[in-house]
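The next block holds one structure in the form of structure tokens; read it before the comments.
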Amino acid sequence: MEYNSSESGHRFALLYHLSQTFSSSLDLSKVLDLVIDEVISALKAERGFIALWNENGALEFRSARGLNQSTIEQPEFEISRGVVEVVAKGGMGICISDAQSDGRFRNRQSVLDLHLRSILCAPLKLKDKILGVIYIDNRMLVGIFTEKDLELLNAIASTAVIAIENARLFEMAVEKGRMERELQMAYRVQSSLIPQEMPQIPGWEFAACWQPARQVSGDFYDFIPDSEGGMKFVIADVTDKGMPAALFMTMTRTIVRASCGKSESLSEGITRANKLVCADSALSMPVTLFACTVDLKSGELVYVNAGQNPPMYYESIEGKFINLTRTGILLGFDEEAEFQQESIQLKPGDLVICYTDGVLDAINDEWELFDMDRFQAVLYENVCNSAKELLNAIEAAVCDFIGDVLPYDDITVLIIKRVEVGK
């Protein structure tokens, strides 16, 4: 299409003005409204719309304006979806003089129902990527748009798409920053629920670590003083990751604390906790849990294992590990489930190591699992050391194994060791 010098000069001045206008803001909604208002004004259209591809691969209308810069409600029902989709997928602009008689679109229900006439639609293309489309129309007049108008709309779209992309990236950066701040706050809240200091009790050593794979965790451990002079210990893992698991973890911790504190036996407390978790488990996130009560005088340890990896009880006289196998299913799976309790007798030198599946499922850069063989090798090598030294050895072994690979799952370890008084 040829332009005389006057037309070319006017077009250049218009595009320069529009580029300055479009770049005046980094607010995406404002930029989109500026673009469509200027397009309506420049091409004497009745209405204008901008649709962008969203992260789900669907076209989403982000700006819809009429004369006098009025906002059009429910834009998805006010235009020809057929025209928009052809341009958005094909990447070529369309000029329609009379949609009612155009063989490509006249049988479209939206064209008939809305009495659409003149239509222009151009892609918002950045290099080889189509971000969306600009669409304008007139429902009354026939033939008001020409191929020159389509060429101008394509030129405006090429100018606008840069401002739109800059605003979109800025919006994403702001949103990412907001989410990071929220996750940091969530981490601080979560970490405040994890015991910060180990109980100091003569004849006993305790050690624990809590390492979220992401900013927040679905794991937790807890110490709950017993009114009878004992101590309850809990380690649990919500069967999911991210923020939903973290929120569910917080709720589960509160429920377990309240339920065990009101029950005569540990099994009754966990049974009650399960009913409450089931009642609130709309998100379908069952919880694996190991809970035990330790009589700090006699050394008796009573436990319930609700689907958790079997903690390993080291029997020092025999010099071997024994798995504390499951005594019930996961919490949050069956409201009517019952949980049995078992007991062992800890003697000086004995210990119990509780851990979540993030330990065994740790992956290195060759996609190998840390697995039980490696875990037990570390335990046997360090089992005579203090609880803290044993924990440090486990953490170091897992860290050396995964190297620079990002953690796949949350890691939580809890160690209970009985020692000779005075040692």
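Every residue, every condition in (1) open to solvent by less than 60 Å² (accessible area, probe 1.4 Å); (2) under 20 Å from TYR303 (Cβ atoms); (3) among the charged types (D, E, K, R), yes or no:
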residue: PRO348; (1), (2), (3): yes, yes, no
residue: VAL352; (1), (2), (3): yes, yes, no
residue: ILE363; (1), (2), (3): yes, no, no
residue: ARG374; (1), (2), (3): no, no, yes
residue: LEU379; (1), (2), (3): yes, yes, no
residue: ASN382; (1), (2), (3): yes, no, no
residue: ALA397; (1), (2), (3): yes, no, no
residue: ASP404; (1), (2), (3): no, no, yes
Exercise. Only one residue in VAL352, VAL383, VAL419 is touching a Lys or Arg at 6+ places or on another chain (Cβ under 9 Å) and among the β-branched types (Val, Ile, Thr). Which one?
Worked result: VAL352
Exercise. For residues in segment 219-231 being charged (D, E, K, R) and either modelled with pLDDT under 90 or touching an Asp or Glu at 6+ places or on another chain (Cβ under 6 Å) (or both), which is surrounded by the fewest Cβ atoms within 10 Å (Cβ to Cβ)?
Worked result: GLU228
Seminar exercise, completed: Pairing a residue in segment 345-362 that is over 9 Å from ARG418 (Cα atoms) and without any contact (Cβ under 8 Å) to a residue 60 or more places away in the chain with any residue that is small (Gly, Ala, Ser) and open to solvent by less than 10 Å² (accessible area, probe 1.4 Å), where Cβ atoms lie under 6 Å and the two sit 6 or more apart in sequence or on different chains, gives GLN345/GLY299
Exercise. How do the strands (runs of 3 or more DSSP E) wholly within segment 232-337 filter down when requiring 3 or more residues that are open to solvent by 30 Å² or more (accessible area, probe 1.4 Å): which remain?
Worked result: 320-323
Problem set entry | helices (runs of 4 or more DSSP H) completely within segment 11-127 that count 2 or more residues being at pLDDT 85 or above and open to solvent by less than 50 Å² (accessible area, probe 1.4 Å) | 28-43, 81-90
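The values are calculated or read from the model by the stated rules, or taken from the named source; none is laboratory data. These numbers were taken from a predicted model, which means no experiment stands behind them. In this analysis, Cβ positions are derived from the backbone assuming ideal geometry, glycine residues included, and neighbour counts consider all displayed protein chains. The accessibility values were calculated without ligands, DNA or RNA, using every heavy atom of the protein model including side chains. Shrake-Rupley method; radii C 1.70, N 1.55, O 1.52, S 1.80 Å.
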